[in-house]
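Working notes, beginning with the structure itself.
The values are calculated or read from the model by the stated rules, or taken from the named source; none is laboratory data. In this text the structure is predicted, and so the values were computed from the model without any measurement. Don't worry about glycine lacking a Cβ; one is built from the backbone with ideal geometry, like all the others, and counts go over all protein chains shown.
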Amino acid sequence: MANIAINTAQNVNLHYKTVSIGERMLAFLIDGALFSLYFYVVSLITSVLGMVFSDSWTVFGLQSLLLLPVMLYSLYMHILFNGRTLGKIILKIKVVRVDGTPVHWSTYGIRWMLRIVDIWLFTGGVGILSILFSDKRQRIGDAAAGTIVISTKQNVKVSHTILEDIEEEYQPVFLNVTILSDKDVRLIKETYLIAKKSQDFKTLTALRKRIETVLGITSTLYDQQFIDTILKDYNFFTQQ
């Protein structure tokens, strides 16, 4: 697996792992197993239709209509389940945009149409080769749509972002904390965590004084309590 960083709309870098070709193939096979079951059901229905309708063209037309969901399966599943098919859901992988923006249905449409080249036209050979030789493990459809397939098994820790765990009943202390920007808060949190880990109390005090100056406030809280409260207050207001 290769690591990739995605910058979200909240200007937060999230680090994910792109999935291996083996996982993508396994997800495809799981979906294929679902197709086999569906084909079996369709064959039973077709047999019944053959006894009801004497016109073979009518039976063929109805059979084609029943097979339409399979042809469109990848497209509507990705749209309905946020970049996932049944196989991807089971393996905990999904399709996302490389730039971190929400995936539009038209993006899934591009990926779906290029399956003809990646999968069906050359029995998967083109798709496999493009994934193997791509830094981001992209098939041609992914490269054209600006998407990648990532693993969702690894949860990004809150400590790696500007986000904080806050309780529902949390009451903010510093109401003007929204003067700060996401960039400010990320810098504050990174400095705070490093200084706290190394027990660099001078840096904590300097950071606290800088925050007080920017916000125009004073507090009787200890340095760590103060900075921790600032981070939680900011998240309280910006996550509403």
**Item:** The listed residue being buried (at least 19 other Cβ atoms within 10 Å of the Cβ), touching an Asp or Glu at 6+ places or on another chain (Cβ under 7 Å) and at pLDDT below 95, out of I148, I188
**Value:** I148
**Request:** Collect the residues in the stretch 99-120 that are among the hydrophobic types (A, V, I, L, M, F, W, C), surrounded by 16 or more Cβ atoms within 10 Å (Cβ to Cβ) and under 16 Å from the mean Cα position of the chain (by Cα), keeping them in residue-number order.
**Result:** V103
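Quick one: count up the residues across the stretch 191-205 that are among the aliphatic types (A, V, I, L, M), within 15 Å of I230 (Cβ to Cβ) and either loosely packed, with under 14 Cβ neighbours inside 10 Å or within 31 Å of the chain's Cα centre (by Cα) (or both).
Taking the stretch 191-205 first, the residues among the aliphatic types (A, V, I, L, M) are 193-195, 204.
Within this subset, residues satisfying the condition of being within 15 Å of I230 (Cβ to Cβ) are 193, 195, 204.
Now narrow it down to the ones that are either loosely packed, with under 14 Cβ neighbours inside 10 Å or within 31 Å of the chain's Cα centre (by Cα) (or both): 193.
So the answer is 1.
So in the stretch 43-58, with the set limited to residues that are of a type in the set (S, T, Y) and part of a helix (DSSP H, G or I), which one is farthest from V70 (Cα to Cα)?
Within the stretch 43-58, the first condition is being of a type in the set (S, T, Y), and the residues that meet it are 43, 46-47, 54, 56, 58.
Retained after the next criterion (residues that are part of a helix (DSSP H, G or I)): 43, 46-47, 56, 58.
Numbers: S43: 14, T46: 16, S47: 19, S56: 22, T58: 20 Å.
Selected residue: S56.
Among the candidates R186, R208, which residue alone is over 26 Å from E168 (Cβ atoms), in the same structural domain as L175 (by TED's automatic domain parsing) and part of a helix (DSSP H, G or I)?
Working: R186 fails: over 26 Å from E168 (Cβ atoms).
Criteria check complete, one pass: R208.
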**Complete:** Cβ pairs under 6 Å, 6+ apart or interchain, first in the stretch 139-168 and more than 24 Å from I21 (Cβ to Cβ), second of a type in the set (F, W, Y) and at pLDDT 70 or above, ordered by first then second residue, are I166/F236
**Prompt:** Using beta carbons and a limit of 7 Å, which pairs, at least six apart or on different chains, have the first residue in the stretch 88-110 and in the same structural domain as R139 (by TED's automatic domain parsing) and within 12 Å of T147 (Cα to Cα) and the second one β-branched (V, I, T) and loosely packed, with under 14 Cβ neighbours inside 10 Å?
**Reply:** G100/T8
